[in-house]
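Engineer: Sharing a structure, written as structure tokens. Questions coming.
The values are calculated or read from the model by the stated rules, or taken from the named source; none is laboratory data. What you see is a predicted model; the values in this text were computed from it and never measured. Positions of Cβ are backbone-derived with ideal geometry, glycine not excepted, and every protein chain shown enters the neighbour counts.
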Amino acid sequence: MVIKDKPSTSVPLPTLERFRQVNYAFPKTEQILEHQRQGGKVFGWLCTYVPEEIMHAAGILPVRVTGYSQEMELEDGNAYMYINNCSFSRSCLQMGLRGEYQFLDGMVAGSTCDGARRLFDLWQYYIKTPFAHMLTIPRKFTEKAHDLYYQQVVQFQEHLEEFLGQQIADEQLRHSIEVFNRARALLRQLYELRKADAPPISGAETMEVLNASFRMPKELFNQWLEKLLAELGRTGNRHQGRARLMVVGSVMNNPEFVKSIEAQGGLMVADELCTSTRYWSDPVVLEEGQSPVAAISRRYLNNFPCARMVPSDERFNRILNLVKDFKVDGVISQIIRYCVPYAHDLPLLRDRLKEVGVPVLALDVEYGTSGSGQIQTRVQAFLEMLEARKR
Amino acid sequence: MTASEARSSRISAIIRACRIITRMSQANPDAPKSDVLYYKMLSDYYTRLLNAHDEGKFIAAHTVFFPSEILYAMDIVPMHTETTTWMMALFLGGQAEILSAGAELGLVPEICSPHRGLAGAFSLGVLPRPDAMLWSNLICDNTAKSGELVMELNKCPGFFLDHPFQRSEAEDKYLVSELEDMIHFLEEKSGRMMDWDKLSDIVARMDYQTELFREIGELRKAVPSPFPNRGFLQLLTVDYLCPGQPEAIAYLETLRDELAEMVRQGKGAVSPERFRLMTLFVPPMYLMGLMEKLGHEYGVVSVVEPLFTRWAESRLDPSKPLESVARKAAMIPERRSMYGPLGQEALQDLIDCAEQYKVDGAVYWAFMGCRHTCATVKLFKDVLNEVDVPVLTIDCDIVDPTINSEEEIRGKLEQFFELLEDR
């Protein structure tokens, strides 16, 4: 079958290749190993509600715990966590059980969802790390919820200080805020490019950058992303497609999934995933005279919400804004099986998108899927339907 | 059938079933009096729900482990959503219809079946329309996410009660403030004011109720154990539906006295008692009869259910009713083993249960819709194996009988009993 408007053949982007190498080597990347060689500690974190700046300010390299980048047999994950937990948490646990994260000095999680909190529980029992901390994450955006979350972040900081035997100064926190905000601003620049009719970067390529963003030192990430943005400014690469798509849903780390959609002519211009916009979206806003911890905690609870938060319309409205800003023709909902928060949201989100005339393709997937087989067939049919609507 | 009749049909059928069982129990001189009180409590609960709108009352639907003490104190009629789905499964069958309706709404099979069934039941219009939906994250993502769709289906307002995951002074205060906000919401929506004296009375009874639960738990340690397998569901339901209510107290006091008398006489729920089981999670509702039957056939009795019937040691203070309602949330057995951080304390409690109740084996009902409990299957098995307690795991669904057949489950249980015999 001939695919019209296939994405143009890309001119190599050297810095993108470096990001790919980080992802390929993860979790035992050169940067992580180097950080430890120099005596630095490396902490794993789960979920976007864990404030990385606190760890960074203490000189710790925070890396996001993710699972295998491909769909894998999860014998150990199934045995230890049962098959009805999402394949993301089972995949992470299996990597942990098999020693892939042996280098971690600490594990930090939030009470974000059933899978994450049980993954943390089992990690403590079967894998263990010298430091472990769980933050209670409120599910509301009220001032009382902010107060509680602020206290949780303060407790986390105090626990960390006790573990390290050193204080984390406000100055260090301010510096970390700057570093992380720089990453967020650069990612926003990258996403601005995707608003173009023919963006210079594809959705799959963007996912390589996103994956690297939580797997390497932020300072280095910022340097590389600045270079990549410069390269993208110079390149003649222009990606076009049969329809502009946005992917929403739970966690995703395999760029092959997006690549398989783009290979069929879908142009992925936006995303709303645990590992994409919901990770980097909002900056920490440090008001005059405000304590850095207060600013950090406010940002993390107010950030682009996960489906766990109530009311869900906060998330839906942000998705609708992205649909408008990125001129999205259709939305692909990819929900990892047994990821219940997103599964519950789907009927309501579908209604909201229907009201603005945007169709939804709902895919139940396993974490790490490359989007082959039946998924390809369904994507093909979805793209044909979107094209027919344009005519 | 009118829309109003359709809405009441399932509830009417539950009431009819309960009344028939009540009459049968009354007519049977050997039936425990507690059974009569239990089924009367059920039929009264659903009768209040059925008649609520005709009597000008406000109905609040709420998820499991919700502090319905507050609703009773405000003279609001509660509708326990998960239990109502269970009761439909237990008494009426016909789960397929409501689960299909849930699927048509777009709810995938991975979502807990009581929640899919509930949404389906509302979309079919076979339950009374609630005037408000109340839900919380105690006990899982399914409860946390089930409220908004129910609100949309019923075009009613709702309130989400945010339960902090861990316990600290700040988290306890947050929960109390959430309860205050919820009371304001209910006062505004229902026009009914909180009766604080009434809430204090309920808390006082709730405090006594938790004592009764503990006393019953102690009596079940006896060899032979006096408590029948089918009683497990009753112990859950009494707190789910009528916490701190006089009918709950009457039932539990009667049950306690009956069990105490059996212990005094050296009588067991099954005779002879051969195997003492620990039950982890809940057997399928539609197989409660099978569990009772197998118990008698094989001399098997469930003596402890650490996830559901083992209340934490703490007291409630009627002079601080709201703080007490918040404290109760931390005392419920499910909070410690299913929801909260699974620390060493919870695991030690499992071992203590096995030892104190002289358990021969454990059965883990791996309900496929309950992810966070299933995530502990291996962990609990490892912990119990350390004290030489074998664990049988059975995949199941608590309301959907299509997941596995009665014969298949019977076969697995029989094999397990043979293994216990060999030991």
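Engineer: Residues in the range A:136-146: is at least one away from chain B (no Cβ under 14 Å) and surrounded by fewer than 16 Cβ atoms within 10 Å (Cβ to Cβ)?
Structural biologist: Looking through the range A:136-146, none of the residues is away from chain B (no Cβ under 14 Å) and surrounded by fewer than 16 Cβ atoms within 10 Å (Cβ to Cβ).
Engineer: A further question on this structure: Of everything in the range A:118-135, what is under 23 Å from the mean Cα position of the chain (by Cα), assigned to a helix (DSSP H, G or I) and at the interface with another protein chain (Cβ under 7 Å from one of its Cβ atoms)? Give them in sequence order.
Structural biologist: Scanning the range A:118-135 gives A:Arg118, A:Asp121, A:Leu122.
Engineer: Out of the residues in the range A:34-77 meeting the condition of being touching a residue at least 60 places away in the same chain (Cβ under 8 Å) and among the acidic types (Asp, Glu), tell me which one is nearest to A:Ser260 (Cα to Cα).
Structural biologist: Only one residue fits best here, namely A:Glu71.
Engineer: Filter the range A:368-385 down to the residues that are at pLDDT 95 or above and buried (at least 21 other Cβ atoms within 10 Å of the Cβ), then identify the one that is farthest from the other protein chains (Cβ to nearest Cβ).
Structural biologist: A:Leu383
Engineer: Name the residue, out of B:Leu149, B:Leu99, B:Leu107, that is facing chain A (nearest Cβ under 10 Å), surrounded by 21 or more Cβ atoms within 10 Å (Cβ to Cβ), part of a helix (DSSP H, G or I) and touching a helix residue (DSSP H, G or I) at 6+ places or on another chain (Cβ under 9 Å).
Structural biologist: After ruling out the rest, the residue left standing is B:Leu149.
Engineer: Also, I was wondering about something else. What number of residues in the range A:147-183 are free of Cβ contacts under 8 Å to residues at least 24 places away in the same chain, assigned to a helix (DSSP H, G or I) and either more than 11 Å from chain B (Cβ to nearest Cβ) or acidic (Asp, Glu) (or both)?
Structural biologist: The number of residues fulfilling the criteria is 5.
Engineer: Shifting gears a bit: Out of all the residues in the range B:152-206, which are within 9 Å of chain A (Cβ to nearest Cβ), in a helix (DSSP H, G or I) and over 14 Å from B:Lys320 (Cα atoms)?
Structural biologist: Across the range B:152-206, the qualifying residues are B:Glu152, B:Ala170, B:Glu171, B:Tyr174, B:Glu178, B:Asp181.
Engineer: To continue, here is another question. Select, from A:Gln36, A:Gln70, the only residue that is away from chain B (no Cβ under 13 Å), surrounded by fewer than 24 Cβ atoms within 10 Å (Cβ to Cβ) and part of a loop (DSSP other than H, G, I, E, B).
Structural biologist: Testing whether each residue is away from chain B (no Cβ under 13 Å), surrounded by fewer than 24 Cβ atoms within 10 Å (Cβ to Cβ) and part of a loop (DSSP other than H, G, I, E, B) leaves just A:Gln70.
Engineer: Out of the range B:182-191, which residues are out of contact with any Pro (no Cβ under 9 Å at 6 or more places or on another chain) and crowded, with 16+ Cβ neighbours inside 10 Å?
Structural biologist: Matches in the range B:182-191: B:Ile183, B:Leu186, B:Ser190.
Engineer: Same structure again: Give the range B:23-66 a look and list any residue that's within 17 Å of B:Arg230 (Cβ to Cβ) and of a type in the set (Gly, Ala, Ser), or say none.
Structural biologist: B:Ser25, B:Ala31, B:Ser34 - these are the residues of the range B:23-66 that are within 17 Å of B:Arg230 (Cβ to Cβ) and of a type in the set (Gly, Ala, Ser).
For every residue, the table says whether it meets (1) under 15 Å from A:Lys128 (Cα atoms); (2) small (Gly, Ala, Ser); (3) in contact with a Ser or Thr (Cβ under 9 Å, 6 or more places away or on another chain); (4) away from chain B (no Cβ under 14 Å).
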position	(1), (2), (3), (4)
A:Val42	yes, no, no, yes
A:Cys47	no, no, yes, no
A:Val50	no, no, yes, no
A:Tyr80	yes, no, no, no
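Engineer: I need the helices (runs of 4 or more DSSP H) fully contained in the range A:257-355, keeping only those with at least 1 residues that are in contact with a Phe, Trp or Tyr (Cβ under 8 Å, 6 or more places away or on another chain) and within 30 Å of B:Met368 (Cβ to Cβ). Full working, then the answer.
Structural biologist: Numbers: elements: A:277-280, A:292-302, A:313-325, A:340-355.
Those helices (runs of 4 or more DSSP H) span A:277-280, A:313-325, A:340-355.
Engineer: Additional query: Being among the aliphatic types (A, V, I, L, M) and farther than 20 Å from B:Leu153 by Cα is true for just one of A:Leu348, A:Leu353, A:Leu363. Which residue is that?
Structural biologist: None of the others qualify; the one that does is A:Leu363.
Engineer: Output the residue which, of all residues in the range A:85-103 that are more than 17 Å from the chain's Cα centre (by Cα) and buried (at least 24 other Cβ atoms within 10 Å of the Cβ), is farthest from the other protein chains (Cβ to nearest Cβ).
Structural biologist: Step by step, filter the range A:85-103, then rank; the result is A:Gly96.
Engineer: Related question: Which residue, of B:Gly217, B:Gly244, is surrounded by 19 or more Cβ atoms within 10 Å (Cβ to Cβ) and within 21 Å of B:Gly299 (Cα to Cα)?
Structural biologist: Unique residue meeting the criteria: B:Gly217.
Engineer: Select from the range B:73-96 the residues that are touching a strand residue (DSSP E or B) at 6+ places or on another chain (Cβ under 7 Å) and in a helix (DSSP H, G or I) and list them in ascending order.
Structural biologist: B:Thr81, the sole residue that qualifies.
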